[in-house]
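This report concerns only the one structure given below.
The values are calculated or read from the model by the stated rules, or taken from the named source; none is laboratory data. What you are looking at is a predicted structure, and each value in this text was computed from that prediction instead of being measured. Counting neighbours? That spans all protein chains shown, and the Cβs are built from the backbone with ideal geometry, glycine included. Side chains included, ligands, DNA and RNA excluded: accessible areas come from the protein's heavy atoms. Shrake-Rupley method; radii C 1.70, N 1.55, O 1.52, S 1.80 Å.
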Amino acid sequence: MNLIKKGKWMLLVFMVLFSVSEVTALEKDRSYYESKGQVIWDYPTDQPVICLTFDDGPDPTYTLDIAQILEKYGARGTFFVTGKQVELEPGLIHDLFEKKHEIANHSYSHREMNRLNEEQIKEEVIKTGDLIYQEIGIKPTLFRPPGGVFNERVVNLTTELGYMTVMWSWHQDTRDWDSNTYAGRIINQVITNARNGDIVLFHDFGGSRNNTIQALESIIPTLKKEGYSFITVSELLEVRMNDLMNGR
């Protein structure tokens, strides 16, 4: 093998190895983000508490219906809202806030964040945060990436902007956005898998949410009888902080 061919071959090997190592470096698992305190999926605790979260709204029909059910059973929820919907339904943000629910950031236009550049990511998050602040006078501190899709750049940028990235318990994705997911399946999913410190994923926008509403009417009273309380994600983070401060 002459020197030119050998040099090209070595360059090719180097590029392949570099590409593999680069991809590996970008692939961070759940434990990595949890150890840094940047992302939360759930928090196992001795306290019988569960977080009900709702994505993509607010919606003029379903968000209000969900809020009424939560109020009926003395439950509090966390609503991850998109900026576009806040612009269309600003009054709903006031209603949710007045009912003691938590308002969180779900980007402006619901685009996959890992496909965006730094400037676009910041615009999506900052614009929605500003819209929420204009309506309720409080800056949100929780962010959920649309579709649950993120990478380290997204997490680092949103952390710099003052947000905690919130996912959901792997065993509590109700898939209520799927028209084939009927109410009974959602009910069974949440109740059967209920654990202390769960973060449950629901949706209040993006099509009919009648199955979600029907499911909540069964899930909340059933789990309340089992001793569970329904708190916001920020309250769950407070539980975690208190446990850490007390050495638990």
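Below, the figures for the structure above:
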{"quantity": "When residues of segment 205-222 are limited to those that are open to solvent by 30 Å² or more (accessible area, probe 1.4 Å) and of a type in the set (Gly, Ala, Ser), the one farthest from GLY184 (Cα to Cα)", "calculated": "GLY206"}
{"quantity": "Residue list for segment 187-199, filter: assigned to a helix (DSSP H, G or I) and farther than 20 Å from HIS101 by Cβ", "calculated": "ILE187, ASN188, GLN189, ILE191, THR192, ASN193"}
{"quantity": "Pairs where the first residue, in segment 28-48, is on the phi < 0 side of the Ramachandran plot and basic (Lys, Arg) and the second is open to solvent by less than 60 Å² (accessible area, probe 1.4 Å) and not in a loop (DSSP other than H, G, I, E, B), C-beta under 6 Å, 6+ apart", "calculated": "LYS28/GLU152"}
{"quantity": "Residue within segment 177-194 that is touching a residue at least 24 places away in the same chain (Cβ under 8 Å) and within 30 Å of LYS139 (Cβ to Cβ) present", "calculated": "yes"}
{"quantity": "Filter pass, PHE202 being part of a strand (DSSP E or B), aromatic (Phe, Trp, Tyr), at pLDDT 95 or above and open to solvent by less than 10 Å² (accessible area, probe 1.4 Å)", "calculated": "yes"}
{"quantity": "Residue within segment 159-174 that is in a helix (DSSP H, G or I), open to solvent by 50 Å² or more (accessible area, probe 1.4 Å) and more than 25 Å from LEU92 (Cβ to Cβ) present", "calculated": "yes"}
{"quantity": "Leading residue by the ranking (surrounded by the most Cβ atoms within 10 Å (Cβ to Cβ)) among those in segment 61-88 that are under 16 Å from SER218 (Cα atoms) and among the acidic types (Asp, Glu)", "calculated": "ASP65"}
{"quantity": "So ASP95, is it open to solvent by 10 Å² or more (accessible area, probe 1.4 Å), of a type in the set (Asp, Glu) and in contact (Cβ under 8 Å) with a residue 60 or more places away in the chain", "calculated": "no"}
{"quantity": "Among the candidates TYR133, TYR163, TYR62, residue that is hydroxyl-bearing (Ser, Thr, Tyr) and in contact with a Leu (Cβ under 8 Å, 6 or more places away or on another chain)", "calculated": "TYR163"}
{"quantity": "Search result, residues across segment 51-82 that are closer than 17 Å to HIS106 by Cβ, small (Gly, Ala, Ser) and assigned to a loop (DSSP other than H, G, I, E, B)", "calculated": "GLY57"}
{"quantity": "Any hit, segment 223-240, residues being more than 15 Å from VAL49 (Cα to Cα) and either open to solvent by less than 30 Å² (accessible area, probe 1.4 Å) or in a helix (DSSP H, G or I) (or both)", "calculated": "no"}
{"quantity": "Per-region count, segment 112-140, residues in a loop (DSSP other than H, G, I, E, B) and surrounded by fewer than 17 Cβ atoms within 10 Å (Cβ to Cβ)", "calculated": "5"}
